[in-house]
Amino acid sequence: MTATTVDSPSPEARTASGGGRDNRIRRKLRVPMLIGRRLVGALISLLTVLVFNFFLFNVLSSDPIKALVRNRHLDAAAQAHLRHEFGYDQSLWRQFVAYMQQLLLHHNLGISTTYTQPVWSVISTRIWPTVLLVGVSTLLSSLIGTWIGIKGAWERNGRFDKISNGVSVTLYSMPEFWLGIVLLLFLAGNQVGLGVFPLGGMNDVDVDVSSPSGWVNVAWHLTLPCLTLTLAYLAQYSLVMRSSMLDEMGQDYVRTARAKGLRDLAVRRSHVVPNALLPAVTQIFLYFGFVISGALTVEYVFSWPGLGLLTEDAISGADFPLLRGLFLLFTASVIVCNLLADVMLGVLDPRVREL
Amino acid sequence: MNTSLRGRRNARRAAFAGVAAVAVFALAASPAMADPSASPSGGASGSASPGASGPSVPPGSKTFTIGIPGDIDSLNPYSGFLSVSYELYGDVYDLLEGWSQKDYSPVPGLASSWTHSADGLTWTFKIRSGVTWSDGQPLTADDVAYTFNRAINDEAANAQYYNYVKNVKSVDAPDATTAVFHLSAEDPIMTQLWVPVLPKHIWEAVSAKDSGTFPNDAMVGSGPFQLVKRDPGQSIVLKSNKKYWGGAPKIDYLVYRVYKDEDAMLQALRKGEIDAVDEISASGYISLKGAPNVTRIDATGTSFDELGFNTGAATVDNKPVGNGSPAARDPNFRRAVAYAIDLKSLGDKVLQGYGQTGGSIIPPAYTNWAYSPGDGAYTYDAAKAGQMLDAAGYTKGPDGNRIDPQTHKELNLRFGAPNDDPRYKSDVAYISGWLQEVGIKTTTQLVAEDKLTDLIGNGEVDMFVWGWGVEPDPSFQLSTMTCDQRDTGTPSAPTAGWSDSFYCNAGYDALFKQQGQTLDPTARATIVKQMQQQLYTDAPYIVLYYANNLEAYRSDKWTGIQLQPEKGGNAFFQMGTYTYRSVDVKTKAVLASDSGGGLGLGAWIGIVAAVVIVFGAGGFFLVRRRATADERE
Amino acid sequence: MTMGQAPPAVTTSHAAAPGGSVVWRRRRASIKRTWLELWAQPQGKAGVIVLGLAILVAIFAPVILGQGVLSIVHAPGRQFEPPSLTYPLGTDEYGRSVLDLLAWGSRTSLLVGFCAAIIAMVIGTVVGVVSGHYGGWVDTIAMRFDDWMLVIPFLPLVIVLNVLLGRGVDKTILVLGITSWPGTARILRAQVLSVKARPYMERARALGASNRHQMVKHTLPNIMPLVLANTTITIAGAILSESTLSFLGLGDPSLTAASWGTMLDGAFSEGAVSRGAWGYLLAPGIAIVLVVLAFTWCGNALEKVLNPRLQQE
């Protein structure tokens, strides 16, 4: 995890390192070394996950070949051939090697039993919708959440703060998919709802999505799922920003700035917020794991054709190869996001580099 | 609701892919196939490279779009087993004969006429001349001979179409417009050959071991429609064959649009995004009531849902497979179960009245063939069921659950069903409830369809709920209960056949052979009814109900819908393509706009950028406003 | 959630007390004090009331309603009836009363929540205490593993494990239990480290107390309050996770099962949205929100009580 517990001197108090060529070189190398260390850490995590992924599915599923060839019944000879192809007739170690080879050299994640196509080609068609949904909602919830956090912290325990805290905690206690269902019921359904928004999907039939009117159509379908995810994760960002602001507000330099006669607004905008933003922004990347999980169920509720809906397909079809590939993808992206967060924190916050 | 796994008009199928299947995995596992652009999907937009793809339907065309609850499983007529796939084959390929729109009686198809010898062993079909394949090659009797000979000799093809060539020895084509069939025995199926006629010049290049796995992306056929594009999981676009021998369809394009969620599909119909829906649930049908511009169709069903039993899973060599419960093998037990289930209530609750109570495996819609048990029908009588169970030795244990007299252990039957259609789930819920009331304990297993096929084929379930669609000629459906249709292979590595109940009765088999060689309809009907009676008594299936076929379409925009049969029939997914060829727009008003392909990379970048800009601007505005408000403090 | 120092517990001369009863008396008094302070907080009060209600419903549902209301075959109503006097929340897809299902559903949801949290807490406490106490390579390995587990996204991991192990309430509990401990372990370890540095711990070591004695008799009681506060949060998370798993179709396979997540799954996949069955769709969700909120309030209130510094905010 990142070094979030930073007990550091304030910027003003930080002493310049002593002179000398060695010190300068060491200072110059600090950031690359930091990045290098974190990179190695991330790679190790990834490798461990790959191993875990391999053993999990091999150990817990009774006959991998049967799962692969389900319903395409093969005689004994054909099954033997397939076993050899995927290395299942050899030792566990050789299987692992074959698995890694196929994965890393040929990006072959196996064949999906539901779609009878290579797992990678099935997954790659569904990545962009999820990126769109997750990207837009992360952007919105981080922006809005940060603003709420700032305002709430600055007027601590005021009415805005109390209300926003209450709303945040309530949203936090809600399953995201249920929030989506509620929105569907009242905004998209036409029995008890307004029937305004679409019930699901990414675009209407016969709409050319590469045209501007197609973009509008997609955006229209994006509204409800995006709203769901944004609301669901608003609380995370606002709470983090709020506590970060409170931490900064208690620092000496703020008192100094105020004593200097700077107006409240200037103090807040130019001093507190930039410093408070730092850990908050890195938290955006760290919460990626949660957002992925949320997107899983929200996509299912709105039939949004992304990775989440694909996961639900894999679950109900007991499609192990697909499930395994998806799991790998989710985990790898969280590792990458954590790495980015670490690196960003290291690059942007000089205090961390000292560690 | 997903009514998938209904092939050949809802035939269920365990593929006989055999050695051919090895090829698909060998092929796909190799690095070449890992390259997404080589994927067999046939649709550029469905592949990994998100290149910009243009519209597949030109603006201003007449396009009829029908929503389907699940995607087809294969473009290859030798390997598909879902009913939507067979719907597609019927659009793109021709059959020798057709079924009359009025009453399913045989009408000319690709064969303009036919005769047979007095002994019924030689059939001569006159093939139309002037017909061309979609790639421009002329269609001749050679293609017909090739198609049927392959269906006889090729393992994968024979697995699919066995029922139609079971008595055919060979087919030859003495000239370009004549095909001669040589039979080993008379067979009434000769006027209802559901075998798509395939182009020899394409398929002779496909070796036997690739039969089942050949992607068939081009789908070269002679039918009223031609494949333009397939987007796996999303849509199938067909264009009309304006040179079709049966007359050009009035529309220009026919599009099948996949919806995983029935609610979304019905909403699309209400909004006019699609033009028709087929086989919707009772719940969906009810919710469409009063929807403006939507006409609903409540058609007599030709399918049934059944409670099937593992009456003794075994290979065709009579070697037992799996570990089925002895109770399910006992006809007394099964008959007792028949009395324990309230079929009328089930139909009411699950179908909300849109269906008929169950009976035999030939639906009452086929009045010529259907058997009705009459006074001997099973009724709902839990007390009688209890007595029958006691009499058969299944006494109640201390906690009220019945004990199997052969194993002396408490009964706990494994009860499987497909997990994609809520209707099966409801069936299982009610049935297991009723069984619990008479002391029979069950464990439910709602699984994916292919997994269920596996479990059944391996003899690892004791009972299951599933459904069949039945074609007008009863032969195929009756064949699923013959000894020959049980597993092939070895008990440890069985390959499933069409039989999922593993019913095997020599007398029944003899009757099956006999009806397969009886040409006189009345005499044949007698035999067919006799067979059904035997099945009803032995109860390898307890037929639960015949669901009506519920459809709906936009009547404000479309006219020319044709029902088959004429009275009380359905409009879409027919034995033929009557509606698709005759449907036309009512006015010259709004027609199809661009039909989207996949999303281009540029499109995606554009979308994300646009959204970022919009919200960035909004955010900026917000910040500025805040600043002003703060200044005022 | 950061914790500062817990209030001082054992001080001196515990060796003089017969059988340690002084210790227990003091602990009981401390518990009583904690409870009163908790009750004094508005959050704490609300949380305890709601939880008490939920637990009562869960315990007495079979007695008051009887198992008959779960029967599909004898369901009294029609499908998706709107709320009425007979069915205050309407009916489900089989015609059963949603209110009855809601009451029964509380049993599964709360049971899974409690059991999964207990498993997670036990594992987390053991790992946290052992690694905090021993330090060195034990600590390094444990925390590396903990890090690694935290990196894997929670829901995909839980889904994969559940699919591989099969459906069932016991399997759900197991899966949630073995995936929810890493965060707890970390927090507890930090607290253990601070406790370890206290003077009386040093004295205990000097007096020759074994590792086990130190951990069980000193460290554990001191971090118990934190464990408790953390447990309530973990239960809340487990209830949310169970509802998500059930909604995705990985819940109890028995058809008469009613957990709040299973109810939502049934409602959604049977088209309750299109049929406007709002009672069926809203009630389980609201129940989940209320119970999770209650646990969160209790957890927050407990934290405030046990962490005096926070009370100054």
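The values are calculated or read from the model by the stated rules, or taken from the named source; none is laboratory data. Just so it is clear, the structure is predicted and the values come from calculations on it, not from any experiment. Cβ atoms come from the backbone with ideal geometry, glycine included; neighbour counts cover every protein chain shown. Please note that ligands, DNA and RNA were not included when accessible areas were found on the heavy atoms of the full protein model with its side chains. Shrake-Rupley method; radii C 1.70, N 1.55, O 1.52, S 1.80 Å.
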(request) Give B:Lys319/B:Lys384; B:Lys209/B:Lys529; B:Lys62/B:Lys229 a once-over and call out the pairs whose C-alpha atoms are over 28 Å from each other. (result) B:Lys319/B:Lys384; B:Lys209/B:Lys529
(message) If you average the C-alpha positions of the stretch B:197-263 and of the stretch C:28-57 separately, how far apart do those two centres end up, in angstrom?
(response) 68
(message) Can you give me the % of accessible surface on the stretch C:105-158 that is carbon or sulfur? Probe 1.4 Å, all protein chains present, nothing else counted.
(response) 78
(message) Summing both sides, how much accessible area is buried between B and C? Use a 1.4 Å probe and give Å² to the nearest 100.
(response) 1500
(request) Compute the semi-axes of the equivalent ellipsoid of the stretch C:216-313, taking the square root of 5 times each eigenvalue of the Cα gyration tensor, and list them largest first in whole Å. (result) 37, 16, 7
(message) Given an 8 Å cut-off on Cα distances and at least 6 residues of separation, report the relative contact order of chain C as a percent.
(response) 27
(message) So, taking all protein chains as they sit and a 1.4 Å probe, how much accessible area belongs to B:Asp487, in Å² rounded to tens?
(response) 0
(message) Under a crude label model (7 Å from the Cα following the beta-carbon direction), how far is B:Lys243 from C:Ile31 in nanometres?
(response) 9.1
(message) Under the √(5λ) rule applied to the eigenvalues of the Cα gyration tensor, what semi-axes describe the equivalent ellipsoid of the stretch A:94-171? Give them in Å, descending.
(response) 47, 14, 11
(message) In whole percent, and with a 1.4 Å probe on the protein chains, what portion of the accessible area of the stretch B:94-213 is carbon and sulfur?
(response) 50
(request) Send over a whole-number figure in Å² for the accessible area per residue of the stretch B:94-213, probe 1.4 Å. (result) 37
(request) For the stretch B:94-213, compute Rh as the Kirkwood radius over C-alpha pairs and then the Stokes-Einstein diffusion coefficient at 10 °C and 1.306 mPa s; write the answer in µm²/s, rounded to an integer. (result) 109
(message) What does DSSP give for the stretch B:303-547 in terms of the percent of beta bridges that are antiparallel, rounded to the nearest 5?
(response) 70
(request) Have a look at the stretch B:489-523 and report residues whose accessible surface goes down by 50 Å² or more when the remaining protein chains are included, against the chain on its own, probe 1.4 Å, ligands and DNA/RNA excluded. (result) none
(message) Report the rotationally averaged projected area of the stretch B:487-557 based on its alpha-carbon convex hull, in square nanometres.
(response) 9.4
(request) In whole Å, largest first, what are the principal axis extents of the Cα atoms in the stretch C:224-270? (result) 44, 17, 13
(message) How many angstrom lie between the Cα centre of the stretch B:555-577 and the Cα centre of the stretch A:187-265?
(response) 48
(message) Taking each pair of distinct Cα atoms in the stretch B:305-379 once, what is the resulting Kirkwood hydrodynamic radius in Å?
(response) 14.7
(message) Return the equivalent ellipsoid semi-axes of chain C as a descending list in whole Å, where each equals the square root of 5 times an eigenvalue of the C-alpha gyration tensor.
(response) 43, 22, 15
(message) At R0 = 41 Å, how high is the FRET efficiency between C:Ala40 and A:Asn190 if r is their beta carbon distance? Nearest 0.05 is fine.
(response) 0.25
(request) Label the stretch B:358-470 by shape, choosing from rounded, prolate and oblate, from the square roots a ≥ b ≥ c of the eigenvalues of the Cα gyration tensor; if a/c is under 1.5 it is rounded, and otherwise prolate applies when a/b is larger than b/c, oblate when it is not. (result) oblate
(message) Over 5 Å intervals from 0, what percent of Cα-Cα pairs in the stretch B:63-163 sits in each interval?
(response) 2, 10, 14, 21, 22, 18, 8, 3, 1, 0
(request) Could you name every residue in the stretch C:238-267 that has 20 Å² or more less accessible surface in the full protein assembly than in its own chain alone (probe 1.4 Å, ligands and nucleic acids excluded)? (result) C:Leu240, C:Thr244, C:Phe247, C:Leu248, C:Pro253, C:Leu255, C:Leu264
(request) Just tell me which lysines come within less than 16 Å, Cα to Cα, of C:Lys32; anything on the same chain fewer than 8 places away is out. (result) C:Lys45, C:Lys304
(request) At 4 °C and 1.567 mPa s, grab the translational diffusion coefficient of the stretch C:173-235 from Stokes-Einstein with a Kirkwood Rh over Cα pairs, rounded to a whole number in µm² per second. (result) 101
(request) Rounded to the nearest Å, what's the spacing between the alpha carbon centres of the stretch C:174-227 and the stretch C:233-282? Just the number, please. (result) 38
(request) Give me the percent of the accessible area of the stretch B:303-547 that comes from carbon and sulfur atoms, probe 1.4 Å, all protein chains in place. (result) 48
(message) Summing both sides, how much accessible area is buried between A and C? Use a 1.4 Å probe and give Å² to the nearest 100.
(response) 3800
(message) Need the per-residue list for the stretch B:284-301: every residue with at least 30 Å² less accessible surface in the complex of protein chains than in the chain by itself, probe 1.4 Å, sorted by number.
(response) B:Ser287
(message) In Å², and per residue, what accessible area does the stretch B:303-547 have when probed at 1.4 Å with the other protein chains present?
(response) 34
(request) Could you give the size of the charge dipole of the stretch A:110-199 about its Cα centre, using +1 on the Cβ of each K and R and -1 on the Cβ of each D and E, expressed in debye and rounded to the nearest 20? (result) 160
(request) Could you do me a favour and compute the accessible area per residue for chain C, 1.4 Å probe, result in Å²? (result) 43
(message) Suppose we look only past 23 Å in the calculated P(r) of the stretch B:255-340. What percent of the Cα-Cα pairs does that tail hold?
(response) 52
(request) Take the Cβ-Cβ distance between A:Gln101 and A:Arg30 as r, set R0 to 60 Å, and report the resulting FRET efficiency rounded to the nearest 0.05. (result) 0.95
(request) Determine the relative contact order of the stretch B:303-547: mean sequence separation of Cα pairs under 8 Å and six or more apart, normalised by residue count, in whole percent. (result) 35
(request) Per residue of B:444-454, count partner chain C-beta atoms within 10 Å of its C-beta, then hand back the mean as an integer. (result) 5
(request) Note the buried accessible area between A and B here, summed over both chains, with a 1.4 Å probe, in Å² to the nearest 100. (result) 5700
(request) Using only the Cα atoms of the stretch B:303-547, each taken as one equal point scatterer with no solvent, compute I(q) by the Debye sum, divide by I(0), and report log10 of the ratio at q = 0.09, 0.14, 0.16, 0.17 Å⁻¹. (result) -0.36, -0.92, -1.21, -1.37
